[in-house]
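Participant: Could you have a look at this structure, given as structure tokens, before my questions?
The values are calculated or read from the model by the stated rules, or taken from the named source; none is laboratory data. Fair warning: this is a prediction, and the values are worked out from it, not measured in the lab. When we count neighbours, we look across all protein chains shown, and the Cβ atoms used for this are built from the backbone with ideal geometry, even at glycine. Note: accessible area is taken over every heavy atom of the protein model, side chains too, but ligands, DNA and RNA are not part of it. Shrake-Rupley method; radii C 1.70, N 1.55, O 1.52, S 1.80 Å.
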Amino acid sequence: MAEVGLKNVKKSYGGMQVIHGIDCAIKDGEFMVLVGPSGCGKSTLLRMIAGLEEISAGEISIDGRVVNDVEPKDRDIAMVFQNYALYPHMSVYDNMAYGLRIRGLSKAEIDERVNKAAGILQLQELLQRKPRQLSGGQRQRVAMGRAIVRDPKVFLFDEPLSNLDAKLRVQMRVEIKQLQNRLGTTAVYVTHDQVEAMTLADRLVVMNAGVAEQIGAPLEVYAKPASLFVAGFIGSPAMNFLAGKISGDGRAVELAGGARVALADGRFASSAGRKVTLGVRPEHLVQDGAGTAAHFQLAIELVETLGADTLLHGRIDGKGDGLIVRVDGATMVKSGQTLALHAPPGALHLFDGETGKRLSD
Amino acid sequence: MVERRPFSNLLAHLILWAGIIVVVFPVYYTLIASTHNPRDIFNGEIGFLPGGVPTENYKAALFAGAKQVKTTPATVMMLNSLAMALMIAVGKIAISIISAYAVVYFNFFGRMFAFWTIFVTLMLPVEVRIYPTYKVVADLGLLNSYWGLSVPLIASATATLLFRQFFMTIPDELVEASKIDGAGPMRFFWDTVVPLSRTNMAALFVILFIYGWNQYLWPLLITTDATMDTIIVGIRRQIVTSDANTDWHIVMATAVLAMLPPVAVVVFMQRLFVKGLVETEK
Ligand SMILES: Nc1ncnc2c1ncn2[C@@H]1O[C@H](COP(=O)(O)OP(=O)(O)OP(=O)(O)O)[C@@H](O)[C@H]1O
Ligand SMILES: [Mg+2]
């Protein structure tokens, strides 16, 4: 068990910089998830922690020791790869025992550790099989077993579930989380799936183009996204964005289409006249009852029924910006209808029109 | 599925049978001839059925050689061929797998140069470089030796490229997993690369063994001592210009004997590499 510290970590391939200085302190026993779109540098960062990729600048430390120049095998980490990377010619037992043998552990101890890991992961029956005789989920477990037997300070996962079918992915997700809880080992987990990120993480790092846009607990990131990018990335379906500017009195946002959305009193008085992007999540828009003033008239173009919920896609006043609303699954609406919607002041997010940064409230 | 039409089916089978006859008939005829006595062969009276003296012919071929032109017994020649073919096959596989490993997994100075040098030698088989190679082997005092027979044929671009191609299909993650497990380059080679290459090695072994076994020009050139003759060279020595002086029954028996080891290697290794092909998966 150990902390992992990243200090201004950078990575360049040739002249091209792909990681632009990341600072992050991962606490002992924490489950940290690196999440971001494809190509944003998650794997690169993880591989730098593992020692598989050289660190161009900055410093990475594990358990207080700077490991920039330490070989992967001496970093006391274990990694689970997306395609499992099991040795195809070795049995499940040997796959798990191989690293221990190299480290020179006694036969008895290897046997004990492998059997214990096999017990935890329910692999006892499969120990003599070769990887090709296993299902995807079982291979995944073996890969985890190989990590567990090493009893490392840090687990590193690079999209370990993306080769599994949807149902198995959910099941393994739960297993990984329980396992990490039980072992209490620090874990760094890479994924591009925001649901996986939200459910697994103690804290997450949202990455975009080699930059850590926000580091925080899942709910904090959901409730207060630090930038337009994070707001759009976390949450499904994505947050609705509407361009506008803060009115002269600072009490509302005047949207490009003409609508006025009231803000909580006085919160943005100092930013009057500023160009902003207004964000509101589909699940926070409410159908306007009799009383409150409707902000939008949404002309519904498409209805997606998910069962528990229904997603309504439409345009403001039938011609303006596109908007998605999540309503209860029992709601009966058809495309072509118009719906009056209200955006409660508490659920609004404002981002600077130029920088995309969240306006503090 | 291709549509089934009786006529095209028939035609296909006819062509296949014609092919089989063209290939099999000479072999069959050699086999038949090797069981007849020399007089019948010389008079062209053997027909298509086995003759009556198989044991005598084969005994003579194996332990005495031809009589009219004195040649080495087939046992000695087969041993020479076996030594040569094995040294070439094993040597080529060993050297190629190591050089391919170096070219694929290490980033050393002059790596691309090394690769292209290997590649270029594809264009230089023994026949092209035979004179300088002969000179080198002679100067090293390797004439009339197993080393002289095999070493110049061992360096192989083909096998190196084959292994290189195969290594490039081994996922990088496997290398990385080994690194994390603490395996250095040597351990990765022995514990992972070699076991995964088993199938390729078996296939190459078959090809290279036959290649070595069938060498003619090179052994002919560098062996002057008849006891160093390989069997392919030996058969040629048993045949002389005048038909009457050729012991055709011995030639035929020796030819049949010369075919056996390659067949044995194919049959034995085939099982191994078909099994391998079915089983391996990266
Ligand atoms: N060996 C390399 N040489 C040059 N550029 C590279 C190399 N490896 C990665 N990159 C670049 O670095 C960037 C980050 O790659 P990385 O693999 O970390 O992305 P990722 O976030 O893991 O994406 P994904 O979700 O698709 O796996 C990409 O733009 C990629 O093109
Ligand atoms: Mg990746």
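Participant: Output the residues belonging to segment A:79-135 that are assigned to a helix (DSSP H, G or I) and within 16 Å of ligand 1 (Cβ to nearest atom).
Facilitator: None; the set is empty.
Participant: Could I ask something else about it? Which of the residues belonging to segment A:191-213 are open to solvent by 20 Å² or more (accessible area, probe 1.4 Å), at pLDDT 90 or above and of a type in the set (S, T, N, Q)?
Facilitator: A:THR199, A:ASN208
Participant: If you don't mind, there's one more thing I want to ask. Residues in segment B:16-34: is at least one in a loop (DSSP other than H, G, I, E, B) and not basic (Lys, Arg)?
Facilitator: yes
Participant: Determine which member of the set A:ASP94, A:ASP111 is surrounded by fewer than 23 Cβ atoms within 10 Å (Cβ to Cβ), within 19 Å of B:LEU174 (Cα to Cα), among the acidic types (Asp, Glu) and at pLDDT 90 or above.
Facilitator: A:ASP94
Participant: Right, another one. Does B:LEU153 satisfy being modelled with pLDDT of 85 or more and farther than 15 Å from B:LEU217 by Cα?
Facilitator: No, not satisfied.
Participant: With a cut-off of at least 3 residues that are at the interface with chain A (Cβ under 9 Å from one of its Cβ atoms), name the helices (runs of 4 or more DSSP H) lying wholly within segment B:162-222.
Facilitator: B:172-181
Participant: Of everything in segment A:4-22 that's open to solvent by 70 Å² or more (accessible area, probe 1.4 Å) and more than 12 Å from ligand 1 (Cβ to nearest atom), which residue is nearest to A:THR185 (Cα to Cα)?
Facilitator: Here the residue is A:LYS7.
Participant: When you scan segment A:181-279 for helices (runs of 4 or more DSSP H) that lie fully inside it, which ones turn up with 2 or more residues that are under 30 Å from A:GLY320 (Cα atoms) and of a type in the set (A, V, I, L, M)?
Facilitator: Correct list: A:218-223, A:228-233.
Participant: Mind checking which pairs have a first residue in segment A:16-44 that is within 14 Å of chain B (Cβ to nearest Cβ) and a second that is within 16 Å of ligand 2 (Cβ to nearest atom) and not in a strand (DSSP E or B), Cβ under 7 Å, 6 or more apart or different chains?
Facilitator: Matching pairs, first to second residue: A:THR44/A:GLU53.
Participant: Here's another thing I want to ask about it. State all residues of segment A:97-108 that are within 13 Å of chain B (Cβ to nearest Cβ) and surrounded by fewer than 20 Cβ atoms within 10 Å (Cβ to Cβ); if no residue qualifies, say none.
Facilitator: Scanning segment A:97-108 gives A:ARG101, A:ILE102, A:ARG103, A:GLY104, A:LEU105.
Participant: Among the numbered conditions (1) at positive phi; (2) at pLDDT 90 or above, tell me where B:ILE97 comes up short.
Facilitator: (1)
Participant: While we're here: Mind listing whichever residues of segment A:54-80 are within 13 Å of chain B (Cβ to nearest Cβ), open to solvent by 10 Å² or more (accessible area, probe 1.4 Å) and either of a type in the set (Ser, Thr, Tyr) or touching a Leu at 6+ places or on another chain (Cβ under 9 Å) (or both)?
Facilitator: Within segment A:54-80, just A:MET79 meets the criteria.
Participant: Just need a number here: residues in segment B:118-157 that are surrounded by 12 or more Cβ atoms within 10 Å (Cβ to Cβ) and more than 16 Å from B:VAL90 (Cβ to Cβ).
Facilitator: 21
Participant: Hey, does segment A:231-238 have a residue that's touching a Phe, Trp or Tyr at 6+ places or on another chain (Cβ under 8 Å) and among the polar types (S, T, N, Q)?
Facilitator: no
Participant: Quick one: what pairs do we get from segment B:251-277, first residue open to solvent by 50 Å² or more (accessible area, probe 1.4 Å), second modelled with pLDDT of 90 or more, C-beta under 7 Å, 6+ apart or different chains?
Facilitator: B:VAL266/B:VAL206
Participant: Under the condition of being open to solvent by 10 Å² or more (accessible area, probe 1.4 Å) and within 16 Å of ligand 2 (Cβ to nearest atom), which residue from segment A:82-91 is nearest to A:PHE229 (Cα to Cα)?
Facilitator: A:GLN82
Participant: Which members of segment A:15-47 meet the condition of being within 16 Å of ligand 2 (Cβ to nearest atom), touching a Lys or Arg at 6+ places or on another chain (Cβ under 9 Å) and of a type in the set (S, T, N, Q)?
Facilitator: Scanning segment A:15-47 gives a single hit, A:THR44.
Participant: Another question, then. Pick out the one residue from A:ALA272, A:ALA256, A:ALA308, A:ALA264 that is open to solvent by less than 40 Å² (accessible area, probe 1.4 Å) and among the small types (Gly, Ala, Ser).
Facilitator: The unique qualifying residue is A:ALA264.
Participant: Then there is this: Here's a check for you: in segment A:36-56, which residue that is charged (D, E, K, R) and more than 7 Å from ligand 1 (Cβ to nearest atom) is farthest from A:TYR189 (Cα to Cα)?
Facilitator: A:GLU54
Participant: Turning to a different aspect of this structure: Tell me, please, whether a residue that is away from chain B (no Cβ under 14 Å) and either open to solvent by 40 Å² or more (accessible area, probe 1.4 Å) or on the phi < 0 side of the Ramachandran plot (or both) can be found in segment A:148-159.
Facilitator: Scanning segment A:148-159 turns up no residue that is away from chain B (no Cβ under 14 Å) and either open to solvent by 40 Å² or more (accessible area, probe 1.4 Å) or on the phi < 0 side of the Ramachandran plot (or both).
Participant: Looking at the structure I just gave you, is A:VAL188 farther than 30 Å from A:HIS295 by Cα and either open to solvent by less than 30 Å² (accessible area, probe 1.4 Å) or within 16 Å of ligand 2 (Cβ to nearest atom) (or both)?
Facilitator: Considered against the rule, which asks whether it is farther than 30 Å from A:HIS295 by Cα and either open to solvent by less than 30 Å² (accessible area, probe 1.4 Å) or within 16 Å of ligand 2 (Cβ to nearest atom) (or both), A:VAL188 comes out as yes.
Participant: Here's another thing I want to ask about it. Which pairs turn up if I take residues in segment A:150-161 that are assigned to a strand (DSSP E or B) and look for partners that are among the aromatic types (Phe, Trp, Tyr) with beta carbon separation below 6 Å, at least 6 apart in sequence or on another chain?
Facilitator: What qualifies is A:PHE157/A:TYR189; A:ASP158/A:PHE81.
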